[in-house]
1. Keeping every protein chain present and rolling a 1.4 Å probe, give me the accessible area per residue for region 31-132 in Å².
2. Compute the signed sum of charges (Lys and Arg +1, Asp and Glu -1) over the other residues within less than 10 Å, Cβ to Cβ, of ASP101.
3. To the nearest 0.05, what FRET efficiency results for VAL57 and LEU96 with a Förster distance of 30 Å applied to their C-beta separation?
Amino acid sequence: MQRALRVTLTVAWMALAAGFIGCGGSKLPVPAERLPGKWHGEMIVYEETQSKLPVEVIAKMSQTQYDFEFRLDGTMALSGVDSGQAYTSEGRWQTLKQDGDLLTIKSFEQSGKQKDINIEFDGKDTFYIPVAAPLRAGAEVAELGAMRFTRLR
């Protein structure tokens, strides 16, 4: 009887310890610590948007690609293809706020252009930047899709 009780308690303690070990090992760093690195982004056009836009606009959006490199020192490099035109730019970035997997940064491009960028992380190696625009002149802004970025390194 004592042996059965001892085995049962041992198994219970091992299960409890395994639960604590399993829970503690998967915590990801805050988003600002996950951002540095090289990323490749491709446009995802939402299905509900596809029926509201001309086919040529959808095709143009679907071909949009960006590569970002966010460096630890707050500098960044951007290259991409937008509307069939390739370009590159250098700049800086800084964290404005973060909450859970959400991060807002301010980007400062070489051209002087500044903008706030909302980023939503999905794990360690994927993030999304939502894309919104008016569907027609004077209309409310609609979410068109998102750029999905995957870590290159």
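The values are calculated or read from the model by the stated rules, or taken from the named source; none is laboratory data. All of these numbers come straight from a predicted model, not from anything done at the bench. Cβ sites come from the backbone with ideal geometry, for glycine too, and all protein chains shown count toward neighbours. The protein model used for the area step is the full one, side chains on, heavy atoms only, and it has no ligands, DNA or RNA in it. Shrake-Rupley method; radii C 1.70, N 1.55, O 1.52, S 1.80 Å.
1. I get 59 Å² per residue for region 31-132.
2. Value of the local net charge: -2.
3. Calculated transfer efficiency: 0.45.
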